[in-house]
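The values are calculated or read from the model by the stated rules, or taken from the named source; none is laboratory data. Being a predicted model, the structure only gives us computed values, none of them experimental. Ideal geometry is used to build each Cβ from the backbone, glycine not excepted, and the neighbour counts take in all protein chains shown. When the accessible area is computed, the model is the full protein with side chains, heavy atoms only, and any ligands, DNA or RNA have been set aside. Shrake-Rupley method; radii C 1.70, N 1.55, O 1.52, S 1.80 Å.
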Amino acid sequence: SDVCSSDLIFMEDKAKEYPNTFAYREFDKELEFKAYAGSDIILMPSIKESCGIAQMSAMNYGAVPVVSNLKCFKDSIIQYGKTPESNKGIGFYSLNDSWSFLEVINNIIKLYQDNREEWLRIVTSCFLTDFSWINGALKKYLELYDSIL
């Protein structure tokens, strides 16, 4: 398991404390997509992440990503409220500390409760985001590759 022992203890304690609202499971490929489909948000408080494919998979199911402020997420997550057209955002970033992460989660809960229409727009944008090679990414990749040669 990639979970450190103190995090594992924390997760297990919270699952016992809140058995009807909190669950922790070791990674399970079969359960992964069921969890995405049944979630409103996906929390990824990563310290490091090699490519960040989990948030892309979750967005296919309409789960809004909350990620650490790492470079690996910059090509897939548009920060909600931080772009010139702030209503184009499809996810949320936090600094790499627990308090920042908690603050972002609290802001998301407020948005979810107070502006349901905007929340549904974000979810819909997640559903519609296309990470396939067909959307032009392959052409851009080949142009970059050719420019280096």
- request: Filter segment 140-149 for residues that are in contact with a helix residue (DSSP H, G or I) (Cβ under 9 Å, 6 or more places away or on another chain) and exposed (fewer than 11 other Cβ atoms within 10 Å of the Cβ) and give the result.
  value: none
message: Suppose we filter S57, S39 for residues that are surrounded by 11 or more Cβ atoms within 10 Å (Cβ to Cβ), at pLDDT 85 or above, assigned to a loop (DSSP other than H, G, I, E, B) and not basic (K, R); which single one remains?
response: S39
- line: When segment 113-148 is checked residue by residue, the ones that are in a loop (DSSP other than H, G, I, E, B) and free of Cβ contacts under 8 Å to residues at least 24 places away in the same chain are N115, D130, S132, G136
query: What are the residues in segment 113-133 that are over 15 Å from the mean Cα position of the chain (by Cα) and open to solvent by less than 70 Å² (accessible area, probe 1.4 Å), if any?
result: N115, E118, R121, S132
task: Would you be able to say whether some residue in segment 57-72 is out of contact with any Gly (no Cβ under 8 Å at 6 or more places or on another chain), at positive phi and touching a residue at least 12 places away in the same chain (Cβ under 8 Å)?
output: yes
task: Check off (1) touching a residue at least 60 places away in the same chain (Cβ under 8 Å); (2) open to solvent by 70 Å² or more (accessible area, probe 1.4 Å) for K110 and give me the number that stays unchecked.
output: (1)
- prompt: Take the residues of segment 10-36 that are assigned to a loop (DSSP other than H, G, I, E, B) and closer than 25 Å to N60 by Cβ: which is least open to solvent (accessible area, probe 1.4 Å)?
  reply: Y24
task: Take P45 and decide whether it is open to solvent by 70 Å² or more (accessible area, probe 1.4 Å) and at pLDDT below 80.
output: yes
